[in-house]
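Input: a single structure, listed below in structure tokens.
The values are calculated or read from the model by the stated rules, or taken from the named source; none is laboratory data. Here the structure is a predicted model, which is why all the values come from computation and not from measurement. Cβ sites come from the backbone with ideal geometry, for glycine too, and all protein chains shown count toward neighbours.
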Ligand SMILES: [Fe+2]
């Protein structure tokens with residue numbers, strides 16, 4: 001599913017036998033769509049998985065947890081709090097008969113993860129189709145991203161399908177073999193040159209929503225609650241005697 005406003009992709013996978021389902025990188029504005037699809041397909045949501053701390057949209061993780069009682073799993077180095085499970089490289093996520101392997105692919109952010117489900121790779125923003133995630137966000141590291149893509153993802157089987165976190169080209173799926181052979185960012189680039197190249201190129205404007213998205217997504221997308229709490233804190237500072245419990 002593609003969020004038209006941000007171009008972000010979310011992925012729903014379900015177990016045919018048990019009806020257990022998982023959602024990867026859901027966007028909060030699409031929550032009604034996800035709930036409708038789950039109902040229509042007769043699935044119950046067990047897991048919400050985040051590939052990383054998103055800066056361009058607000059996650060639906062907390063909203064879906066409240067609606068469905070699904071659990072939220074995020075990278076242990078993602079900087080996201082309030083999740084139900086912290087994931088590390090090599091971990092496995094079980095959802096009915098589905099088994100997803102966790103691959104740590106830092107670089108775009110320090111806590112980026114990719115999820116491998118049989119011959120399908122959900123690569124988040126670590127590897128895009130003919131591109132990769134930007135490296136000018138807080139905590140980004142181009143050399144680290146190079147290692148993740150070249151040494152962790154390009155060693156997977158050629159036929160592994162790549163489902164990225166964003167679509168820049170209009171396409172929705174690629175393969176490891178195709179990206180290894182033709183992704184222009186990784187052709188003849190050394191680790192050092194890639195890091196410099198990306199740093200130089202990533203000068204496009206960052207999304208306006210970045211500060212708000214990071215703040216909300218650090219708490220699984222609890223934007224409204226954190227905003228409400230802020231207002232109460234401001235109010236408390238103005239009336240310290242009456243409201244000091246909010247400090
Ligand atoms: Fe991202």
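Taken as a whole, the condition of being touching a helix residue (DSSP H, G or I) at 6+ places or on another chain (Cβ under 7 Å), within 15 Å of the ligand (Cβ to nearest atom) and over 19 Å from residue 207 (Cα atoms) does not apply to residue 72.
Tell me, which strands (runs of 3 or more DSSP E) wholly within the stretch 94-200 include 3 or more residues that are within 30 Å of residue 43 (Cβ to Cβ), within 14 Å of the ligand (Cβ to nearest atom) and at pLDDT 95 or above?
Fully inside the stretch 94-200 and qualifying: 120-124.
Among the candidates 109, 105, which residue alone is within 24 Å of residue 143 (Cβ to Cβ) and in contact with a helix residue (DSSP H, G or I) (Cβ under 9 Å, 6 or more places away or on another chain)?
On the way: 109 fails: in contact with a helix residue (DSSP H, G or I) (Cβ under 9 Å, 6 or more places away or on another chain).
The conditions single out 105.
Among the residues of the stretch 83-91, is there at least one that is surrounded by fewer than 20 Cβ atoms within 10 Å (Cβ to Cβ), part of a strand (DSSP E or B), away from the ligand (no atom under 16 Å from the Cβ) and without any contact (Cβ under 8 Å) to a residue 24 or more places away in the chain? Scanning the stretch 83-91, I find at least one residue that is surrounded by fewer than 20 Cβ atoms within 10 Å (Cβ to Cβ), part of a strand (DSSP E or B), away from the ligand (no atom under 16 Å from the Cβ) and without any contact (Cβ under 8 Å) to a residue 24 or more places away in the chain, so the answer is yes. Just one of the numbered conditions (1) touching a residue at least 24 places away in the same chain (Cβ under 8 Å); (2) closer than 25 Å to residue 213 by Cα; (3) more than 16 Å from the ligand (Cβ to nearest atom) is not true of residue 4: (1).
Within the stretch 40-57, is there a residue that is away from the ligand (no atom under 16 Å from the Cβ), over 15 Å from the mean Cα position of the chain (by Cα) and over 22 Å from residue 120 (Cα atoms)? Let's see the steps before the verdict.
Residues of the stretch 40-57 that are away from the ligand (no atom under 16 Å from the Cβ), as a first pass: 40-48.
If we keep only those that are over 15 Å from the mean Cα position of the chain (by Cα) as well, we get 40-46.
Add one more test, that the residue is over 22 Å from residue 120 (Cα atoms), and what stays is 40, 42.
Yes: the stretch 40-57 contains one or more residues that are away from the ligand (no atom under 16 Å from the Cβ), over 15 Å from the mean Cα position of the chain (by Cα) and over 22 Å from residue 120 (Cα atoms).
Let's see how each residue does on (1) within 24 Å of residue 211 (Cα to Cα); (2) buried (at least 20 other Cβ atoms within 10 Å of the Cβ); (3) touching a strand residue (DSSP E or B) at 6+ places or on another chain (Cβ under 9 Å):
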position: 115; (1), (2), (3): no, yes, yes
position: 120; (1), (2), (3): no, no, yes
position: 123; (1), (2), (3): yes, yes, yes
position: 130; (1), (2), (3): no, no, yes
position: 139; (1), (2), (3): yes, no, no
position: 145; (1), (2), (3): yes, yes, no
position: 148; (1), (2), (3): no, yes, yes
position: 161; (1), (2), (3): no, no, yes
